[in-house]
Every structure is written in C-alpha cells, then in structure tokens.
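Novice: To start, I am sharing the structure in question, which I have written as structure tokens.
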Amino acid sequence: MGVYLVSVGAEEWFGEEEEGWGEVASALNAELRRRGLPPYQDVPPETDFAAGSGQAFEEKLASSMTGFLALCQTHLSREEWEILCGWTVLVPFSLDEEIWLPIDSGDYESMVAGAPRVLPLAEKLAAVIDLPPETPATCDNLDLSMWFRHQAKELATTRTGLWSKDLDTAFYVALFLRAAQHSIRRGCPIICT
C-alpha cells in the first residue's frame, strides 16, 4: 500500500469500470472544451511491461518529503511548488492554469496540472541540487526507488554535492522531473493514487 505515481494507458484512462479513470477523463474534456481547448483523446494504449523500456512509469512515495518541501519553499514561489507537487493528475499538454476536478471524492477537488509547466520547475530544482546524470531516466517499475536505495548511496560517497546531502530530497526532485518527462515523451497521463 502507499501512494504511487503511475502512468495510465488509454484503456484505464477512458475506462468506465470501478478502477478506471473515465469520469475524470470526461470531466477534464468538458473543462477543456469550456476553455476553448481540444479534448484530450490521444492517450497511448497500455504496453506490455519491459524493464528499462520507458513505456510505463511507476514509483512509490515512501521517503520523507520534509527536505524536498523545504527545497521547494526556498527556490520556488508558493504557486510554483504547489504546481510541482500538488497535482493528482499530470497531463502531457500545456494548461494556462490548473484544472480542479472532484477526483476520488465529491468532498474535495484535486488538481490536474500540465507536464510542460511542471517540467521547468523540476529542472530548476535538479539544477540547484546538481542531480547526477546517473539518475535513471526511465521509471518502469520503481527504478528510481531502487536506484536511490542502492546505487545512489554508493555514488554519494565519491561524488559529493548538495544532492548527496539528503537522498530523500534528491529522490523527490528526480521523481517529479522524471514524471513530467515521461508524461510529455509518451503523451500519457500520470496519476497520484
């Protein structure tokens, strides 16, 4: 159990089953039309799992976010850090402003953010901490989690820097960076569930 960021294929995105995101997809498209924008229809299909392929995204939010939130508050405006890490659904296209929809509950609304707006914020933080190039570029199956649990610790002993001072913070910078990159590259939504 826990909170995950995962990519969603067309079947699940448009699905009307209990586990599907069809209601969210419909509500999002209605809001896009209201804003004079085209509906989001070009969601790629689910692909078979292939480690390292970059076709899927799945990461678990398990570490403490305290250092990451402090980094955001130091280097981003309040609006920017809320956009970077406050979304429930990340879509691969630009939105002039975020969209708020009732997701998972009619009691509150959740944010839909555009990955092209999230990406430069994550890139800014990656530059601040000098995120190493060895950080995995794909996150098919907890690749970032595993890398930060093992290889990052080893690398931090020889390549010190701000990134190595708090690996939990570096993990979240990499997580939001790779989520935005994946959404744009694959043209798919990423959900926080």
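The values are calculated or read from the model by the stated rules, or taken from the named source; none is laboratory data. Note that the structure is predicted; figures quoted are calculated from it, not measured. So basically every Cβ, Gly included, is an ideal-geometry build from the backbone, and we count neighbours across all protein chains shown. For the accessible areas, the whole protein counts, side chains as well, though only heavy atoms, and no ligand, DNA or RNA atoms are used. Shrake-Rupley method; radii C 1.70, N 1.55, O 1.52, S 1.80 Å.
Novice: Within the range 71-96, how many residues turn out to be among the β-branched types (Val, Ile, Thr) and either surrounded by 21 or more Cβ atoms within 10 Å (Cβ to Cβ) or touching a Cys at 6+ places or on another chain (Cβ under 8 Å) (or both)?
Specialist: Going through the range 71-96, the residues among the β-branched types (Val, Ile, Thr) turn out to be 74, 83, 88-89, 91.
Subset that is either surrounded by 21 or more Cβ atoms within 10 Å (Cβ to Cβ) or touching a Cys at 6+ places or on another chain (Cβ under 8 Å) (or both): 88-89, 91.
The total comes to 3.
Novice: When the residues of the range 111-134 are narrowed to those that are outside any helix (DSSP H, G or I) and in contact with a Phe, Trp or Tyr (Cβ under 7 Å, 6 or more places away or on another chain), which ends up nearest to ARG185 (Cα to Cα)? Can you show your working first?
Specialist: So the first thing to find is which residues in the range 111-134 are outside any helix (DSSP H, G or I), and the list is 111-114, 130-134.
After this cut, where a residue has to be in contact with a Phe, Trp or Tyr (Cβ under 7 Å, 6 or more places away or on another chain) as well, the list is 111-114, 130-132.
Working: MET111: 21, VAL112: 18, ALA113: 16, GLY114: 13, ASP130: 23, LEU131: 20, PRO132: 21 Å.
Only one residue tops the list, namely GLY114.
Novice: Related question: Taking the stated definitions as given, is GLU12 outside any loop (DSSP other than H, G, I, E, B), under 18 Å from HIS182 (Cβ atoms) and either of a type in the set (Val, Ile, Thr) or without any contact (Cβ under 8 Å) to a residue 40 or more places away in the chain (or both)? Reasoning before the result, please.
Specialist: Values: outside any loop (DSSP other than H, G, I, E, B): yes; under 18 Å from HIS182 (Cβ atoms): yes; either of a type in the set (Val, Ile, Thr) or without any contact (Cβ under 8 Å) to a residue 40 or more places away in the chain (or both): yes.
Judged against the criteria, GLU12 is a match.
Novice: So, in the range 15-31, of the ones that are in contact (Cβ under 8 Å) with a residue 60 or more places away in the chain and among the aliphatic types (A, V, I, L, M), which residue ends up least open to solvent (accessible area, probe 1.4 Å)? Spell out how you get there, then give the answer.
Specialist: Residues of the range 15-31 in contact (Cβ under 8 Å) with a residue 60 or more places away in the chain: 21, 24, 27-28, 31.
After this cut, where a residue has to be among the aliphatic types (A, V, I, L, M) as well, the list is 24, 27-28.
Numbers: VAL24: 16, ALA27: 38, LEU28: 1 Å².
Checked the range 15-31; the qualifying residue least open to solvent (accessible area, probe 1.4 Å) is LEU28.
Novice: While we're looking at this one, here's another question. Based on what the data block shows, is ALA56 buried (at least 16 other Cβ atoms within 10 Å of the Cβ) and on the phi < 0 side of the Ramachandran plot? Give the steps one after another, and end with the answer.
Specialist: Working: buried (at least 16 other Cβ atoms within 10 Å of the Cβ): yes; on the phi < 0 side of the Ramachandran plot: yes.
Yes: the conditions hold for ALA56.
Novice: In the range 25-35, is there at least one residue being touching a Phe, Trp or Tyr at 6+ places or on another chain (Cβ under 6 Å) and either β-branched (Val, Ile, Thr) or within 26 Å of SER145 (Cβ to Cβ) (or both)?
Specialist: no
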